[in-house]
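Derivation of every value follows stated rules applied to the coordinates shown; laboratory data play no part. This is a predicted model, so every value here is computed, not measured. Here the Cβ is made from the backbone with ideal geometry for all residues, glycine too, and neighbour counts use every protein chain on show.
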Amino acid sequence: MRILSAMVEVASEHGTESATVARVAARAGVSTGTFYDLFENRDDCLTALIDEAVATATKRVGAADDPQASWVDRVRAGLLALLELLDEERELARLCIAHALASPTVLTQRRDVLDKLTRIIDEGRRAGRASRNPPPLAAQGVLGGALGLIHAQLSARDQRSLVEALNPLMSLVVLPYLGASAARKEQYRPLSVRRFASG
Amino acid sequence: MRGRDGAADSPRIELQRARKLVTAAEAVRQFPFAGFSAAVLNGDARVSRRAVEDHLQGREACLLAAFEQALALVSERASAAFQAQEGWVDRVRSGLLAVLEFFDEHPALARHCVVHSAQAGPAVLQRRGEVLDRLARVLDDERAPARGYPPPLTAQAVVSGALGVLHERLSQPDPGALVELTGPLMSFIVLPFLGAHAARGELRRPVDATSAVEHSVPFGLLQDPGKGLSHHRTVLVLMVLAAEPGLNNREVALRAGVKDGGGMSRILARMARLGLIKNTRDARSPVPANAWQLTASGEELQAAIGREAAATRVAFDLPEAFRGRLDHRAVLVLRVIGDQPWLTGREVALRAGAKDPAHISKLLKHLAGLGLVASARDAHRKGTPNAWRLTASGVQLDSAIGRETPPPPRSLALDLMWESGGRLSDDAVSVLRVSAAEPGLSNNEIALRVGITDENSMSQLLARLARRGLIENTRTGGRYNVWQLTAAGIELETAIRQETPAPGARRIAFDLLKKRGGRLNHRVVSALGVIGAEPGLSNDEIALRVGIKGRGTTSTLLARLARFGLIENNRTGGRENVWQLTASGIELEAAIRHENPGAGRSAR
């Protein structure tokens, strides 16, 4: 959709604050009237953008998921798919993360997504030894940590591929559930990057 | 933070300023275009781009000022709590607890610091990022440079994770008491650095265990009925004797309202033992009667109690329920710790002459509860006992009690250890001794000599010692570290060597041997003795002297000793090995010989 793409471009060039309706409409080659036909305001447009991004991410992560695989492999595949998507759509990712924290309407949606991810990560409790007994906040903390690192790399406009962070992130994810040995294994596991056809 | 005149403002003013700034920032955040007319907002009236940018900059500046002010307050609190503790875990826990307490007390500031700052513009986000980086560096102190684990991003991830948890809680309308998260968050924080055992320990640890607040002694005495160090009768006697020095037992009992004469005698005797009062009776008098008066220490304590009681409006006419006891054993323990800080509970018990260490442990816990002693633990070592020191209040009480004999000499080794960051484990001491005996060893070589089998544990230990400034890595190239003692390390190692009694050294040596070989083999002892007495022997010569018939057995034994770093082969040519003891071997052989002068020589 042209207006959403224009929003991403303008926000990445001028910052979210300065991504005005007039600028976005001009970049998309539509009138402001058309913009307001489709969206209530700028925030509505940004929210639609995030909805779109979340849907794409869910689809990509879902496609990478193999229900027969072990918990570690499933988490790894999902994280890899997510990092690949973020690498491909860095500006969109940056905008989504910034706006997801700034908009109260999106915050609720963000919480739902995080809850879902927390539950998936916490399935590691069944994968590890019962005696390991990970801390109660393990999943929340691990997820927060992973998102924080991704956010930091995106915010710093670090051009390194996010996929490179897969092993350290996986190491952090599995550590509370499977222990230091499994975490070390994840850290040195070879990266097998799959490329999804764009579009 | 400073006021207009340059003087430091009081914490209350700082807090008020922060609250005002945050309120303003919240208004700016929620109504970003307040002040613009409806016509401008609807796009009906033109407004210059400059005007909009100025407005946005002003908004950002407001948010940043509020963030900085709130941050300064929380940093001050956390930093004080952090510095008040010893050891990484206790420091982090104390800092975290202080932050959570602050957030509980000031929810608006907490939301601004954690939640709203993440939604602000680039200036605030950048500052936020800097703060997170700083916190990560504090945590990363635990990630040693010589280690491959935990991974490099751990500290950042842990900080972000903890912040994520707080963000989640503070985003809710009713976040509840954040202090309750201390245990779970600490458990999450320490897990990657110290492992699951330490993480479980943090989860179980009581929340107020690391509170940096230390109570003043006299006020603690008055406020803590029936728990060992408080006794209203003691206070009454102090007051009576301060007012009328020279009274005898009966007179003191009368004025203090104590009917039991025997009880009064016991109280007076105990106070005299503690150096609070002295008996000035004249033995030459035809009818000798006790004449009690306060000592200098007693006067000091009485004055301190008077000051604090007045300040807190606690009357000396204490209720009947107030029936504490000034337990002489508690005072003895206090004195022991005052004379030599950083002793473990067992060592305190030994010096205090207590037969039951459990009783001392209970007593220490109680004294810690009163804020008289504090413990620190080298959290890097699992199962390490606490090391005890007096708090400021403990020092005050200790000096107030006075003493009859001069204090024993302090252990230089313990003081140096603590200066470098805490008590050293037996393994750490072994590393120092090995490094002193054989400078330039690599990680593996040291591990072999001190009997540490896990590579990571060895790296962690070496990195910790390096961080403490006791050893340094002098590697200039190649794959292997080259460790040697620093000046501080040499000083400490010398002190340890001089202060370690021979039986202690012997025990360490035997433990080392047990660790290395699994059991103390008499042939090992004999072989060490033989090589020590006659360096440069070959396999066959050693076999002959030790009495081993099989050449294979001799080779295996010597190879094992070489693997443990106790002997080395100095063959430079020819077919025969040339064995001699390494520095570790010499040390071990000497220790064994000290224990059993005949060991290793019987076979010769």
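Taking the Cα centre of segment B:417-494 as reference, the dipole from Cβ charges on Lys and Arg (+1) and Asp and Glu (-1) amounts to some 180 debye. Estimated from the Cβ-Cβ distance and a Förster radius of 45 angstrom, the FRET efficiency linking B:ASP426 and A:GLU91 is about 0.20.
With +1 on each Lys and Arg Cβ and -1 on each Asp and Glu Cβ, and nothing else charged, work out how big the dipole of chain A is about its Cα centre, in Debye to the nearest 20. Dipole of chain A, to the nearest 20 debye: 880 debye.
Across peptide B:194-201, the average count of Cβ atoms from other chains found within 10 Å of a residue's Cβ is 3. Residues whose amide H lies under 5 Å from that of B:ARG475, counting only those 5 or more places away or on a different chain, are B:VAL482; hydrogens are built 1.01 Å from N in the peptide plane.
In this label model, B:THR572 and B:THR556 are separated by 3.4 nm, measuring between points 7 Å along each Cα→Cβ vector. For peptide B:180-193, the mean count of partner chain Cβ atoms within 10 Å of a residue's Cβ comes to 4.
Can you tell me, using C-alpha contacts under 8 Å and at least 6 residues apart, the relative contact order of chain A as a whole percent?
18
Each of A:THR118, A:THR56 was scored by other Cβ atoms within 10 Å of its Cβ. Arranged with the fewest first, they read A:THR56, A:THR118. Straightening the chain between B:ALA269 and B:LEU350 buys 26.7 nm, computed as 0.36 nm per residue apart minus the Cα-Cα spacing. Backbone geometry of segment B:525-531 corresponds, through the Karplus equation with coefficients 6.51, -1.76 and 1.60 at θ = phi - 60°, to 3J(HN,Hα) couplings of 4, 5, 4, 4, x, 5, 5 Hz, x marking Gly and Pro.
Looking at the square roots a ≥ b ≥ c of the eigenvalues of the Cα gyration tensor of chain A, which shape do they give, rounded for a/c under 1.5, prolate if a/b is larger than b/c, or oblate? Taking the square roots of the gyration eigenvalues as a ≥ b ≥ c, chain A is prolate. Each residue, B:ASP133 and B:GLN83, gets one label point 7 Å from its Cα in the Cβ direction; the gap between the two is 2.4 nm. Less than 5 angstrom separates the built amide H of B:ALA291 from those of B:THR280, B:ARG281, all sequence-distant by 5 or more or on a different chain. Residue by residue along A:164-171, Cβ atoms of other protein chains within 10 Å of the local Cβ number 3 on average.
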